[in-house]
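K.L.:
Sending over a structure as structure tokens; questions will come in a sec.
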Amino acid sequence: MRHSFILLTAVMLLSIPVLPIYGKNGKVKCEGTYRYVYEAHVSHAEARVLGVEYAIQCAIAEKLGTTITSESRLEMTNSNEWFAHVSRFHVKGKFLRHIKEPQISDPIYADNLSSIEISVSFYAQPLEYAPTAFKARVLRNGTEPRFEDDTFRAGDKFYMQFRSPKAGFLAIFFETTDNVICMLPYIGEEDEPFWVKKGEDYTLFEVENNTYHMSCDEKDEINFVHIVFSPKSFIHNDLEREMSLRDFSDWLDSRRAYDEQLEVETRMIKVSKGKEY
């Protein structure tokens, strides 16, 4: 699971602060012009697709705001190289349909980078995310609170402690560079949502055949753990144990659209090759 860090930058060229105007059925008009910067190994055709998607996200974020779900991390590695990762965020809206087809400029080349300008105009549906009330701890090589950590070595065991002030259903997903894996419900229990009782402490992933060890290639990796909880059942027979990030995002968005009580928290963890830090 190697990570390649690609420079994907959106620079807002036009920004006029306007309060959202809600139309029929709660629709909001979003529009703007953005610059998308990409490296040489990204084809122009791919940049056009990614650039439009990124411009849509930027326009929704500008109009409706965002929710930060993880913290940035910046540190010096043993080889004196900077390692950085941008915070993960969710926009508070969902794309509905284009009002006008996106307008994309010809690429401009400078300093071994290419850039295109993208103008978008579309409708979005506002989304509100429930605040998280539960408490979750990521644990390394132990099941007590003192083992809480967000930095792992290859071979380390992964555990989690969970407690909620209200009863409900819990699911946990692990995001790598390549895909998203469903860790909970446990394997073989896909049709039985994991039920948690109010105010009770749970230690997860210590059950036989449902334990996890961290893995890593040559380079350090950044992974994400997504914790999803709701008083309502949200696990159905369409849940896949492994899916692409796009499919997972679509699945999560569909649940949020119909469940205002759905709580989501994302934790960022670092995994290094099996060696001392």
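The values are calculated or read from the model by the stated rules, or taken from the named source; none is laboratory data. Predicted model only: the values in this text are computed from it and were never measured. Reconstructed Cβ throughout: ideal geometry from the backbone, glycine too, with neighbour counts over all protein chains shown. SASA here: full protein model, heavy atoms, side chains in, ligands and nucleic acids out. Shrake-Rupley method; radii C 1.70, N 1.55, O 1.52, S 1.80 Å.
K.L.:
Would you mind working out the accessible area per residue for region 128-277, using a 1.4 Å probe, and quoting it in Å²? Please report the intermediate quantities before stating the final value.
P.N.:
Numbers: 7500 Å² over 150 residues.
About 50 Å² of surface per residue is accessible.
K.L.:
Right, here's the next one. Give the calculated FRET efficiency between residue 44 and residue 246 to the nearest 0.05, with a Förster radius of 22 Å applied to their Cβ-Cβ distance. Walk me through the intermediate numbers first.
P.N.:
Working: r = 21 Å, r/R0 = 0.96.
The value I calculate is 0.55.
K.L.:
Roughly speaking, to the nearest percent, how much of region 169-227's 1.4 Å accessible area is carbon and sulfur?
P.N.:
On the way: 1240 of 2790 Å².
Ligands and nucleic acids excluded, carbon and sulfur reach 44 percent.
K.L.:
Now for a separate question. May I ask you to compute the full-extension gain from residue 144 to residue 259, defined as 0.36 nm times their residue separation minus their alpha-carbon distance, rounded to one decimal in nm? Walk me through the numbers before you get to the answer.
P.N.:
Numbers: separation 115, 0.36 × 115 = 41.40 nm, distance 3.25 nm.
The residue 144-residue 259 span can extend by a further 38.2 nm.
K.L.:
Mind checking which aspartates and glutamates have their C-alpha under 18 Å from residue 166, skipping anything on the same chain fewer than 8 residues away?
P.N.:
Cα-Cα hits under 18 Å: 200, 201, 259, 260, 263, 265.
K.L.:
Just tell me which lysines come within less than 29 Å, Cα to Cα, of residue 219; anything on the same chain fewer than 8 places away is out.
P.N.:
Result set, ordered by chain and number: 157, 270, 273, 275.
K.L.:
Then there is this: What is the gain in length, in nm to one decimal, between residue 178 and residue 201 on full extension, counting 0.36 nm per residue of separation less the C-alpha to C-alpha distance?
P.N.:
On the way: separation 23, 0.36 × 23 = 8.28 nm, distance 3.19 nm.
Once the chain is fully extended between residue 178 and residue 201, it gains 5.1 nm.
K.L.:
Please list, or write none, the lysines whose alpha carbon is within less than 23 Å of the alpha carbon of residue 27, excluding same-chain residues fewer than 8 places away.
P.N.:
Filter leaves 63, 92, 94, 100.
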